[in-house]
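Report on the following structure.
The values are calculated or read from the model by the stated rules, or taken from the named source; none is laboratory data. A quick note: this is a predicted structure, and the numbers were derived from the prediction, not measured. Note that we place each Cβ from the backbone using ideal geometry, even for glycine, and neighbour counts take in every protein chain shown.
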Amino acid sequence: MQMCSLLYISATITNQTPEEAGKRGLTCYSTKERRETMQGLPVSTMTSVLVLLIGLVSADEVTRGDGCLSGHPGIPGDPGHNGIPGRDGRDGGKGDKGDSGELGTCGPPGNDGSKGDKGDPGTPGIAGVKGRRGETAERGAPGKLGPQGVPGPVGNTGQKGERGLPGPQGPKGEVGPRGPQGLQGVVGPQGEIGYPGPIGPTGIEGPKGEIGVPGHKGNIGHQGEKGDQGEAGEKGATGDMPTVYRSAFSAGLTELSKLPPANAPIKFDKIIYNRQGHYEPSTGVFTCVFAGAYYFTYHITVYTRSVKVALVKSGTRVLHTANRYQSSEDQASGGAVLQLREGDTVWLQVIGGEFSNGLFADEDDDTTFTGFLLFAD
């Protein structure tokens, strides 16, 4: 079979028919058989045969010379198998950076890490806006007094909330001291002069008789004519002028002096009236200059903490006022009449510790302390 294939290939290359090649003593197969035979040959065998046939053709051309006629072209053979791949070429230059791809989908969450150490406390935040006042609910029964907690740091004062509803009218106060006597009024105009009565004739004067029994009081007679104005008398000596004693003051707290310390005179540094200078704002103490009866009063705005204060006279507490803070702005007040001697001192102070100094003041709310002389001794 291989020989027949060689004969077919040789005849094709030398432009001979298979019959001419067969006259040389070789047996040949049909065309279909030749194709099937060539498809079964390996590549190495085909290569060797081609080299051999090229040599035979060259020899045959030399033998025949130029006098031979060319035969009909043979049928093209089937394409050979793919050759061995060549070596890879050199790497090209680095290309431009490509466009960013689309964002991928979020992956599943990772496992929880181990708990870290506790961080340092942060700085205190800014005070929030004060909320609106809630609806008034029924007051529950007071609970048992719990143990006193650890004092916390003083927080920043929040903004003032909305003004609450007006409270009920308080009881009528006591009658105040009698005011000074007013000036004398202007003398009214003089009335018209009445008509004079008729004058009778003058009789002869008789002897003086004995004093008789007093008769009944007669009716008021008609007013006589106005007499001439008399001469002005000598001016009298100037009398002594009465001495008027004055002593009064009124002062309030500011945003710097609010929430005062306990167990010390409260320094009301906002002076409203202190013309006589008997109140000292740097110490918060009033000193009596004129002995007499004095009236002292104080008005307190309670906010952020409870309030417990005392009115003190020369170191002795004479009046106490307390108000418990319940998460909303409140008011407290007190007043008393005190008998003072020259040199006595009066002041207002917080009692009960730092949790009872909720005396508040700002642009819209005031806490004041007032005192004045009613009358001197």
Checking Gly343, Gly335 in turn, the sole residue that is part of a loop (DSSP other than H, G, I, E, B), over 34 Å from the mean Cα position of the chain (by Cα) and over 19 Å from Gly155 (Cβ atoms) turns out to be Gly343
Which residues, counting only those in region 169-193, are free of Cβ contacts under 8 Å to residues at least 60 places away in the same chain and surrounded by 10 or more Cβ atoms within 10 Å (Cβ to Cβ)? Ile193
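Each row is one residue, and each column tells you yes or no for (1) closer than 28 Å to Pro177 by Cα; (2) charged (D, E, K, R); (3) surrounded by fewer than 17 Cβ atoms within 10 Å (Cβ to Cβ); (4) not assigned by TED's automatic domain parsing to the domain that holds Ser306.
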position	(1), (2), (3), (4)
Asn219	no, no, yes, yes
Gly224	no, no, yes, yes
Met241	yes, no, yes, yes
Lys258	no, yes, no, no
Is there a residue being part of a loop (DSSP other than H, G, I, E, B) and closer than 24 Å to Gly334 by Cβ anywhere in region 202-219? no
Taking the condition within 20 Å of Pro260 (Cβ to Cβ), free of Cβ contacts under 8 Å to residues at least 60 places away in the same chain and among the small types (Gly, Ala, Ser), does Gly277 pass? no
Please list, ordered by first then second residue, the pairs with beta carbon atoms under 7 Å, 6 or more apart or interchain, first in region 303-324 and assigned by TED's automatic domain parsing to the domain that holds Leu338, second acidic (Asp, Glu) and in a strand (DSSP E or B). Asn323/Asp330
Could you go through region 160-168 and let me know if any residue there is over 18 Å from Ser327 (Cα atoms), surrounded by 10 or more Cβ atoms within 10 Å (Cβ to Cβ) and at pLDDT 80 or above. no
Out of the residues in region 246-285 that are of a type in the set (Gly, Ala, Ser) and in a strand (DSSP E or B), state the one that is modelled with the lowest pLDDT. Ala262
Does Phe290 satisfy the condition of being buried (at least 18 other Cβ atoms within 10 Å of the Cβ) and either among the aromatic types (Phe, Trp, Tyr) or in a strand (DSSP E or B) (or both)? yes
Quick test for you: out of Thr345, Thr301, Thr316, Thr283, pick the one residue that is of a type outside the set (Lys, Arg) and either in contact with an Asp or Glu (Cβ under 6 Å, 6 or more places away or on another chain) or crowded, with 17+ Cβ neighbours inside 10 Å (or both). Thr301
Only residues that are out of contact with any strand residue (DSSP E or B) (no Cβ under 6 Å at 6 or more places or on another chain) and modelled with pLDDT under 95: list them for region 326-345, please. Gln326, Ser327, Ser328, Gln331
